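Below is one structure, written out as structure tokens; comments come after it.
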Amino acid sequence: MKIKPFESILSNYKAVFFDSYGVLKNYNGLIKGGEETIKYLEEKGIQWLVLTNDASRSPIQLADKLRVAGLKAISSEKMISSGMMAREFLRSKVRVGKVAYLGTEASAHYIEAAGLETIPVRYINSNNIEEINALVLLDDEGFDWFRDINKAINLLLKRNIPTIIANTDKKYPVSREEVAIAIGGVANLIETVVRKRFIRFGKPDSQMFMYAFQQLRNQNEIAKHEILMVGDTLQTDIMGGNKFGIDTALVLTGNTLKERAKNDIKSYGIIPNYICESIAI
Ligand SMILES: [Mg+2]
């Protein structure tokens, strides 16, 4: 599969869904040329949204981070996060009691926005354990791994409550050579130990794509074949886009390294429609 310039594929689409980390920005900040690309889309009347598996912050805070990095055209209405999907679920399924969480205090915003009371896993004890009606895994930061992962495991062994994963990413790049484990990886560990099935939100699951698609359709008539998903991760962005039935472009500025892209595509069997160096045009 040939690497194509990003601009050459854009003319086929009326809307673009971007992943955030590894696509619009990475550990170096905003991706070079990203601002120009967004300008180009706006000039051409191509709609764009950001679909992120980041549940660590509210849409407003996520947009602020991108704006501070230099992406001036971003606003919170353009951000669709897996945390928002988890919030909708909690709102309809967990009506009373407290929701325990692993993650930062900022990430707990999502649960509080659903009108529920939150409690960090570290504060669970024998007096309040019976009041806890769900566990949400939000972010890999904001807790003591050794103590709180064990507490979460014990909570789930004692209580039969739903566990929601608001970010299914297993890892994220912290430099060109190294990765860190993300909350999705922690979730898999806990799930294996407690032998229960958790509920997952975020790419590759279709809820976020559905929500974004609906958002576009609220403004204009649009068909799936007129939308492009751009991502750096085969198992989430590309698989999610493929499953939803929209075209996909893999970029090489994040999780998938250029020298490994062909091999990864072959071994996972997840095939993007295009490969591009980056979103720069
Ligand atoms: Mg990414």
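Condition test on R147, is it at pLDDT 95 or above, more than 16 Å from the ligand (Cβ to nearest atom) and open to solvent by 80 Å² or more (accessible area, probe 1.4 Å)?
So R147 fits the description; yes.
With the structure loaded, tell me whether V194 is open to solvent by 70 Å² or more (accessible area, probe 1.4 Å) and not assigned by TED's automatic domain parsing to the domain that holds L252 or whether it fails that test.
For V194, the condition - open to solvent by 70 Å² or more (accessible area, probe 1.4 Å) and not assigned by TED's automatic domain parsing to the domain that holds L252 - is not met.
Which residues, taken from the range 228-281, are away from the ligand (no atom under 13 Å from the Cβ), of a type outside the set (A, V, I, L, M), open to solvent by 60 Å² or more (accessible area, probe 1.4 Å) and over 19 Å from L49 (Cβ atoms)?
Hits for the range 228-281 are K258, E259, R260, K262, N263, K266, S267, Y268, E277.
Among (1) in the same structural domain as F17 (by TED's automatic domain parsing); (2) within 21 Å of T233 (Cβ to Cβ); (3) not small (G, A, S), which single condition is I74 missing?
If we test I74 against (1) in the same structural domain as F17 (by TED's automatic domain parsing); (2) within 21 Å of T233 (Cβ to Cβ); (3) not small (G, A, S), just (1) comes out false.
Hey, among A134, A100, A106, A73, which residue is farther than 30 Å from E221 by Cβ and open to solvent by 30 Å² or more (accessible area, probe 1.4 Å)?
Step by step, each of A134, A100, A106, A73 is checked, and only A106 is farther than 30 Å from E221 by Cβ and open to solvent by 30 Å² or more (accessible area, probe 1.4 Å).
Looking only at the range 1-48, count how many residues are touching a residue at least 60 places away in the same chain (Cβ under 8 Å), open to solvent by less than 80 Å² (accessible area, probe 1.4 Å) and of a type outside the set (V, I, T).
Number satisfying all stated conditions: 15.
Condition first: among the acidic types (D, E) and more than 30 Å from R260 (Cβ to Cβ). Can you find one or more residues in the range 159-180 that meet it?
Scanning the range 159-180 turns up no residue that is among the acidic types (D, E) and more than 30 Å from R260 (Cβ to Cβ).
Can you tell me which residues in the range 206-221 are under 15 Å from G241 (Cα atoms) and in contact (Cβ under 8 Å) with a residue 60 or more places away in the chain?
Those that are under 15 Å from G241 (Cα atoms) and in contact (Cβ under 8 Å) with a residue 60 or more places away in the chain: Q207, M208, F209, Y211, A212.
The values are calculated or read from the model by the stated rules, or taken from the named source; none is laboratory data. Nothing here was measured: the structure is a model prediction, and the numbers come from that model. Heads up, the Cβs are rebuilt from the backbone with ideal geometry, glycines too, and the neighbour counts pull from every protein chain shown. Heavy atoms of the whole protein, side chains included, go into the accessibility calculation; ligands, DNA and RNA do not. Shrake-Rupley method; radii C 1.70, N 1.55, O 1.52, S 1.80 Å.
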